[in-house]
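S.K.: Please find one structure pasted underneath; my questions will follow.
The values are calculated or read from the model by the stated rules, or taken from the named source; none is laboratory data. Computed from a predicted structure; not experimentally measured. With ideal geometry, Cβ positions are generated from the backbone for all residues, glycine too; neighbour counts draw on all protein chains shown.
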Amino acid sequence: MKRTMAVILAGGEGERLSILSSVRAKPAVPFGGKYRIIDFALSNCVNSDITDVLVLTQYNPRSLNDHIGLGRPWDLDRNKGGIKLLQPYIARGRVAEWYRGTADAVLRNLNVIEHSDADTIVVLAGDHIYKMDYQPFVAAHRRRRADVTIAVRRVPLADATRMGILAMDDNDKVIDWQEKPKQPKSDLASMGVYVFSKRALRRWLSEDLVDFGANVIPAMLDSGARVFGYRFSGYWQDVGTIQSFWEANLALLEDRPELDLYDAEWVIHTRSEERAPAKVGATAQIHRSLISHGCVIDGTVVNSVLSPGVRVDVGAVVRDSIVMFDSVIRAGAVVDRAILDKEVVIGQGAIVGEGPYDGPPNKQEPGRLNTGITVVGKQSIVPRGARLGRNVKVGGNVRSVDFKTRVVKSGGSVEGAATAKAARDKAASAG
């Protein structure tokens, strides 16, 4: 799409995803077996013929940088346009600091945007799962000669309290805005996807307006700027919590999922390593699941999503779970309603997810792990014969010796020695 640049905000910490985002930026979290969350925003760009893309990173960017690289999987390794990954930097005469908000991130990279030939800037969140053609979105913005156009959709009122809520007139001009209201006036929510004219973006970015939803949009409305909404009715999901992340993955297993990964007209591109085909052994049973390349299945997999390189040994059972890259479930082990991060090993005969789903929430993270899902962090080992209840959190790089007992009741946690020591030191310094 001519004279259009995309700016993807990919620096979010994503604290509500618990240990899944403790070692990586939220947009780099694996999703749907072989993909990463940011793949959807990037694929939307190239499928919409936007080939001038900035990705603004910040929190734990290494895995995101490794994944995107030069942008070749998205055909963005170009001399003109293409993809650029930018991180916070120290400017002369300025105190070093991280981005203070979404608008501040764009402001501090405005010099790069100014050097582009684009007159229209699409600002995107890099941590949502959705399929959207930006061409009619940009066309509507230009037709109305808008300063900014906001992509909007209806959401459950229960979710509206954590979003920007708005009202529009009959011409789709925005006439009211509430940022994360305690008592929302409507169920029409901003998707965190904007189209700005470069002129308006230049005018409205400032040191005082650090966030688009909290500051920039209200200031524009107060000053009479041309702010419009664009109604979007396609698939869009904010996977910002453990529960929503789990639900969105397992929704892919439906006979006709809302998010069709097999749509040849709208391919979701990703960086994909060369691996052997998936292998299903003579003792394997697989029901309603996604099995990625490189997997070796000799046990039972039911209603689950497996990333590349996962092994399920003879007699092992994986049920209602998400298992990420190169994890191993040893013989006789059971993984039920759980999320296993990359390179996890579940020992022989161990049980991950035991007891009623409505058990007590996790004591360390009661607001995040409270729906019966047990989460095991990257490169951790659950020892042979261990039994983990619901809402259990096993931190990253946990070894068998870190388990003081082989039975971890619902709501409990297991941390590695280094993590536990860091927590004690922090507590001691605070006291």
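S.K.: Of the residues Ala189, Ala219, Ala248, only one is of a type in the set (A, V, I, L, M, F, W, C) and surrounded by fewer than 17 Cβ atoms within 10 Å (Cβ to Cβ); which?
M.R.: Ala219
S.K.: Same structure again: Consider only pairs whose beta carbons are under 7 Å apart and that are at least six residues apart or on different chains; among these, list those whose first residue lies in region 180-191 and is more than 7 Å from Val152 (Cα to Cα) and whose second residue is small (Gly, Ala, Ser) and at pLDDT 90 or above.
M.R.: Lys185/Ala167; Ser186/Ala167
S.K.: Which of the residues that make up region 273-312 are of a type outside the set (A, V, I, L, M) and within 18 Å of Asn249 (Cβ to Cβ)?
M.R.: Matches in region 273-312: His287, Arg288, Ser289, Ser292, His293, Cys295, Asn303, Ser304, Ser307, Pro308, Gly309.
Conditions (1) at pLDDT 95 or above; (2) touching a helix residue (DSSP H, G or I) at 6+ places or on another chain (Cβ under 9 Å); (3) within 19 Å of Leu17 (Cα to Cα), marked per residue:
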{"position": "Val302", "(1), (2), (3)": "yes, no, no"}
{"position": "Ser307", "(1), (2), (3)": "yes, no, yes"}
{"position": "Val312", "(1), (2), (3)": "yes, no, no"}
{"position": "Ala316", "(1), (2), (3)": "yes, no, no"}
{"position": "Gly347", "(1), (2), (3)": "yes, yes, no"}
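S.K.: Can you name the residue in region 38-72 that is small (Gly, Ala, Ser), at pLDDT 90 or above and part of a helix (DSSP H, G or I) and is also nearest to Thr270 (Cα to Cα) among such residues?
M.R.: Ser43
S.K.: Okay, next question. Would you point out which residue out of Gly213, Gly240 is part of a helix (DSSP H, G or I), surrounded by 15 or more Cβ atoms within 10 Å (Cβ to Cβ) and either modelled with pLDDT under 95 or of a type in the set (Asp, Glu) (or both)?
M.R.: Gly213
S.K.: Let me ask you something else. Being charged (D, E, K, R), touching a Gly at 6+ places or on another chain (Cβ under 6 Å) and within 30 Å of Asn370 (Cα to Cα) narrows it down to one of Arg319, Arg330, Arg311, so name that one.
M.R.: Being charged (D, E, K, R), touching a Gly at 6+ places or on another chain (Cβ under 6 Å) and within 30 Å of Asn370 (Cα to Cα) holds for just one of Arg319, Arg330, Arg311, which is Arg330.
S.K.: May I pose another question? Taking the condition of being buried (at least 21 other Cβ atoms within 10 Å of the Cβ) and more than 20 Å from the chain's Cα centre (by Cα), how many residues in region 328-343 meet it?
M.R.: 5
S.K.: Only one of these is farther than 22 Å from Arg337 by Cα, touching a residue at least 24 places away in the same chain (Cβ under 8 Å) and of a type in the set (Ser, Thr, Tyr): Tyr262, Tyr230. Name it.
M.R.: Tyr230
S.K.: Can you pull out the strands (runs of 3 or more DSSP E) entirely within region 291-375 that have at least 1 residues that are more than 17 Å from Gly389 (Cα to Cα) and out of contact with any Phe, Trp or Tyr (no Cβ under 6 Å at 6 or more places or on another chain)?
M.R.: Fully inside region 291-375 and qualifying: 300-302.
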